[in-house]
Amino acid sequence: MAARVEHVVTSGTFSLDGGTWEVDNNVWIVGDDEEALVIDASHDADAIAAAVGDRRLTAIVCTHAHNDHINAAPALAARTGAPILLHLDDRLLWLSIHPDRHPDGYLSDQRRLTVAGTELIVLHTPGHSPGAICLHAPNLGTVFTGDTLFAGGPGATGRSFSDFPTIIRSIRRELLPLPSDTWVRTGHGGTTTIGAEAPHLEEWIARGH
């Protein structure tokens with residue numbers, strides 16, 4: 001059976017630089033009836049595990065290590081035995097949240113992950129955080145962008161460990177060359193496409209953000 005994309009929304013808080021905000025997070029599941037991979041285990045391990053069901057969980061991939069994207073990862077890993085994967089450049093952010101539980105492996109640019117016969121390509125897209133990544137699934141016509149690109153523009157860069165020129169370079173280099181009809185499945189909010197977001201990027205640059 002062909003791989004498919006499933007979606008769970010979980011709710012909790014995001015905390016950084018002394019502030020805390022209520023957030024809703026998109027948790028993405030890629031797989032078939034036999035196995036699955038989770039992208040960003042946020043807030044509620046029980047809800048994510050229920051969505052995975054009795055499928056074998058091959059990996060828990062973190063698009064970056066802000067607390068709202070990783071806070072349920074250790075509990076989900078303990079329940080399923082799946083490894084937690086993160087880009088090495090976000091290791092210090094991870095350890096600030098989970099000092100006693102290291103990731104099981106570190107991702108690098110262009111690494112390939114496979115689930116249900118479908119390949120996901122790691123794209124290192126720093127800017128929102130040093131180790132932010134996106135996952136491109138060409139066979140599904142989809143890129144999972146975490147907090148690097150949203151419907152309407154780039155992710156936030158006004159907090160520690162983030163940088164606006166860096167996120168713009170990342171989007172230009174790694175995301176805009178993708179086919180314009182590629183679905184952009186984000187860490188928060190609605191889905192968009194690469195073609196829909198290309199003009200927004202130029203608007204952000206022109207406004208001097």
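Every number in this text was worked out from the coordinates using simple rules, so none of it is lab data. Bear in mind the structure is a predicted one, so any value in this text is a computation, not a measurement. Glycine gets a Cβ as well: all are built from the backbone with ideal geometry, and neighbour counts include every protein chain shown.
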For a label point 7 Å along the Cα-to-beta-carbon line of LEU92, residues of region 109-135 with backbone N under 19 Å: 125-133
Two-site label geometry, ASP24 and ARG56: point separation in nm, points 7 Å out along Cα→Cβ: 3.5
Treat the count of other C-beta atoms within 10 Å as a stand-in for reagent exposure and order ASP54, ASP44 from fewest to most. ASP54, ASP44
Contour minus Cα-Cα distance for SER11 and ILE205 (0.36 nm per residue): 66.7 nm
Comparing TRP21, TRP183, TRP94 in a Gaussian network model of the chain (Cα, 10 Å), the one with the largest mean-square fluctuation is TRP21
About the Cα centre of region 6-165, what is the dipole size in debye to 20, counting +1 per Lys and Arg Cβ and -1 per Asp and Glu Cβ, all else neutral? 320
Distance between Cα centroids, region 162-192 to region 125-160: provide it in whole Å. 5
For ARG159, ARG55, what ranking results if the residue with the fewest other Cβ atoms within 10 Å of its Cβ goes first? ARG159, ARG55
Candidates for Kirkwood radius over Cα pairs in Å are [x] 16.9; [y] 17.7; [z] 18.7, and the calculated one carries label [x]
Long-range HN-HN contacts of PHE150 with modeled amide H, under 5 Å: GLY155
